[in-house]
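Reading through the structure tokens given below for one structure.
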């Protein structure tokens, strides 16, 4: 897409705008390709008559991987290279932007172990990073920072030794991920962090399963009473119950293997079910209509 000599940051940002929840929701719900058509007319006058919108997205993503490795590329490559390759065949499920108190983990994975992945691209700053990672470490058993390989030294001085580091680098024109430092497993779960990171029904289920019943208190008192009870649950058991509740959430991880590699993160972000995924792919496989 476009000529190599004319690659600009503005163009790359425009390319990345194609991979947004709004654009994909409009395609699924309304068959609305207006934003993709805008990108075609603005940057790609040589799109072939028989190309589909899926081919267009593949071309945009390829250009981004080469010239603009933004957060979407990082998330998508973690899905492709860690979740679906390294953890393939396991019961691992993944969530895009998992809330932990007042922060958001970029990607979270759960099987027998809970893993948090916080991403810092070359376009990001360290602002709030130490505080975020400290909070995540009180809930997740393993926390990883995902960064460009060339920024390894830039970040290691500012983060705790228990935080693992995954680096992104280019080898023979292909994006690669490597675990440069393994995370040290956290064995203590902070009940205060946990209860403020899950849904009301989830923390009540945790209490009911461990103690056999839910406290008979008013809805106004329920949160505080349940939090006090959580402090009585051993950390390993509390984490097990936490995992059990999270795995009950609606999740489409098992469908991602059947989704084109370039748009897996978008499908995870929207949590598309099988029918919605099929609708999306059918629409993306239609021919571009702006020519």
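The values are calculated or read from the model by the stated rules, or taken from the named source; none is laboratory data. Owing to the predicted nature of the structure, the values given are computational and were not obtained by experimental measurement. As a convention, Cβ positions derive from the backbone with ideal geometry for all residues, glycine included, and neighbour counts pool all protein chains shown.
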Exactly one of 80, 29 is at negative phi, assigned by TED's automatic domain parsing to the domain that holds residue 164 and surrounded by fewer than 19 Cβ atoms within 10 Å (Cβ to Cβ), and that residue is 80
(1) over 24 Å from the mean Cα position of the chain (by Cα); (2) farther than 19 Å from residue 137 by Cα; (3) in a helix (DSSP H, G or I) all hold for residue 255 apart from (1)
Take residue 85 and decide whether it is at pLDDT below 95, exposed (fewer than 14 other Cβ atoms within 10 Å of the Cβ) and part of a loop (DSSP other than H, G, I, E, B). no
Selection from region 145-201 of residues closer than 30 Å to residue 67 by Cβ and assigned to a helix (DSSP H, G or I) yields 149, 150, 151, 152, 153, 154, 155, 156
All conditions in (1) at pLDDT 95 or above; (2) closer than 17 Å to residue 109 by Cα; (3) buried (at least 18 other Cβ atoms within 10 Å of the Cβ) are true of residue 243 except (3)
Do we have any residue at all in region 58-65 that's free of Cβ contacts under 8 Å to residues at least 40 places away in the same chain, surrounded by 18 or more Cβ atoms within 10 Å (Cβ to Cβ) and outside the structural domain of residue 167 (by TED's automatic domain parsing)? no
Exactly one of 277, 269 is in the same structural domain as residue 35 (by TED's automatic domain parsing) and touching a strand residue (DSSP E or B) at 6+ places or on another chain (Cβ under 7 Å), and that one is 269
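Just to verify a result, which residue in region 238-252, among those that are assigned to a helix (DSSP H, G or I) and in contact with a helix residue (DSSP H, G or I) (Cβ under 7 Å, 6 or more places away or on another chain), is farthest from residue 80 (Cα to Cα)?
Taking region 238-252 as the starting set, the residues that turn out to be assigned to a helix (DSSP H, G or I) are 238-246.
Now narrow it down to the ones that are in contact with a helix residue (DSSP H, G or I) (Cβ under 7 Å, 6 or more places away or on another chain): 238, 241-242, 245.
On the way: 238: 31, 241: 28, 242: 26, 245: 25 Å.
Here the residue is 238.
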Scanning region 44-82 residue by residue, those under 22 Å from the mean Cα position of the chain (by Cα) and assigned to a loop (DSSP other than H, G, I, E, B) turn out to be 68, 69, 70
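Those residues that are in contact with a helix residue (DSSP H, G or I) (Cβ under 7 Å, 6 or more places away or on another chain) and under 21 Å from residue 95 (Cα atoms), I need them from region 192-208; list them, please. Steps first, answer last, please.
Our first condition is that a residue be in contact with a helix residue (DSSP H, G or I) (Cβ under 7 Å, 6 or more places away or on another chain); within region 192-208, this holds for 192-195, 198, 202-207.
Residues satisfying the conditions are 193, 194, 195, 198, 202, 203, 205, 206.
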